[in-house]
1. Hey, does segment 149-162 have a residue that's within 16 Å of the ligand (Cβ to nearest atom), in a helix (DSSP H, G or I) and either among the basic types (K, R) or buried (at least 21 other Cβ atoms within 10 Å of the Cβ) (or both)?
2. Has segment 219-234 got any residue that is more than 16 Å from the ligand (Cβ to nearest atom) and touching a Cys at 6+ places or on another chain (Cβ under 8 Å)?
3. Can you find even one residue in segment 117-126 that is in contact with a strand residue (DSSP E or B) (Cβ under 6 Å, 6 or more places away or on another chain), within 16 Å of the ligand (Cβ to nearest atom) and in a loop (DSSP other than H, G, I, E, B)?
4. Go through segment 163-199 and give me each residue that's of a type in the set (G, A, S), under 24 Å from D220 (Cβ atoms) and crowded, with 22+ Cβ neighbours inside 10 Å.
5. Check off (1) polar (S, T, N, Q); (2) within 23 Å of the chain's Cα centre (by Cα); (3) within 23 Å of L277 (Cβ to Cβ) for T35 and give me the number that stays unchecked.
6. Of these, Q134, Q114, which one is away from the ligand (no atom under 16 Å from the Cβ), within 22 Å of S14 (Cα to Cα) and without any contact (Cβ under 8 Å) to a residue 24 or more places away in the chain?
7. For residues that are under 17 Å from A147 (Cβ atoms) and part of a loop (DSSP other than H, G, I, E, B), scanning just segment 163-204, find the one that is farthest from the ligand (Cβ to nearest atom).
8. So, restricting to strands (runs of 3 or more DSSP E) that lie completely within segment 1-108, which ones have at least 1 residues that are of a type outside the set (D, E, K, R) and crowded, with 22+ Cβ neighbours inside 10 Å?
Amino acid sequence: MRIVDIRERAIGISRYRDPGIPSGGLTTSLVAVVTDVVRGGRPVTGYGFASVGRYAQSGALDMALWDAAAKIARLPLHQFLAGRLGRVATGAPVSVYASGGYPYPDGDLAALAQEIRQFTDLGFTHAKIKIGAQPLDEDRRRIEAAAAALAGPGHLAVDAMNAYGPGQAQAAAEALAPFGLWWFEDLCDPLDFATHGRVAARYPHPIAAGEALFSAAEADLLAQHAGLRRDRDILLFDPVHCYGLPGYLRIIDTLTARGWPRRAFWPHGGQLFSLHLVAALGLGGAEANPLAFHPFHGPPAALPVTDGHVPLPDVPGIGFELHDGARQAFQGL
Ligand code: MG
């Protein structure tokens, strides 16, 4: 197989359920890798994008190469990858949660509750919302509104998006502890391991970290110095942001060698690519963005969520062709 063409373009992505609300300039890179393998009269083409929540890197090659390789092998990526790694992928539906819950500029609490109800209508049982952008009392009300639309606060995670300094992180942990949340994410600067450690020593419920760390060396420092607890805490490394799948595999190898269970890994990004990785690598579950980050929101309608689990795509490659928004974006290349 030879690569005969590579096409790349940066596009804007939404942050909110309503794509009309400004996203703050979020962008991502689309990549199409065209091969000389012809199927059905057309060249096999791998598609990739540079995940969500950051900016275009103009280098999302890794995902597109995995998509093309699995397509040429005529296998869904999770089966192709499991075979390459000598693992057994059951193909069972993957645990997912619905991510969103950014503060709304108007009517925040009512809009948030409506958003969470949309998640449960779509089949999700767990959700994650943003906190840290406003006073703790206001975030408490957001948590109460969101938890009331779920089966309780144990089904709700909160993401502070690295907003808190050391003292604020401690205060937030004390305020959040009575809720018994599913997890407390990105509680301070991602490299402030001392604050992570102080919070972990006193906060009894799960903490989630690692979204903004990108190398095995950084992940190892987190594991050694942030006080995280292997029996409950969550690891969020984004397989795309971590220099592609080989980099992500190095992180998993590094941390499992330190005793971390594979169930602790819940990759950030909310994309089809992650579903395949969770299935192939035996990880805990995946983020999904049912309403935000258009055109990559999902999962697609062809993969309906049931009781918090999503079926795996059964088409060759990643399956972007099943997703209306992604397919149209990639066809634009
Ligand atoms: Mg986060």
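1. Among the residues of segment 149-162, not one is within 16 Å of the ligand (Cβ to nearest atom), in a helix (DSSP H, G or I) and either among the basic types (K, R) or buried (at least 21 other Cβ atoms within 10 Å of the Cβ) (or both), which makes the answer no.
2. Within segment 219-234, not a single residue is more than 16 Å from the ligand (Cβ to nearest atom) and touching a Cys at 6+ places or on another chain (Cβ under 8 Å).
3. yes
4. A169 - this is the single residue of segment 163-199 that is of a type in the set (G, A, S), under 24 Å from D220 (Cβ atoms) and crowded, with 22+ Cβ neighbours inside 10 Å.
5. It is condition (2) that T35 fails.
6. Criteria check complete, one pass: Q114.
7. Here the residue is G180.
8. Qualifying strands (runs of 3 or more DSSP E): 27-39, 42-49, 94-99.
The values are calculated or read from the model by the stated rules, or taken from the named source; none is laboratory data. Keep in mind that what you see is a predicted model, and the values were worked out from it rather than measured. Cβ atoms come from the backbone with ideal geometry, glycine included; neighbour counts cover every protein chain shown.
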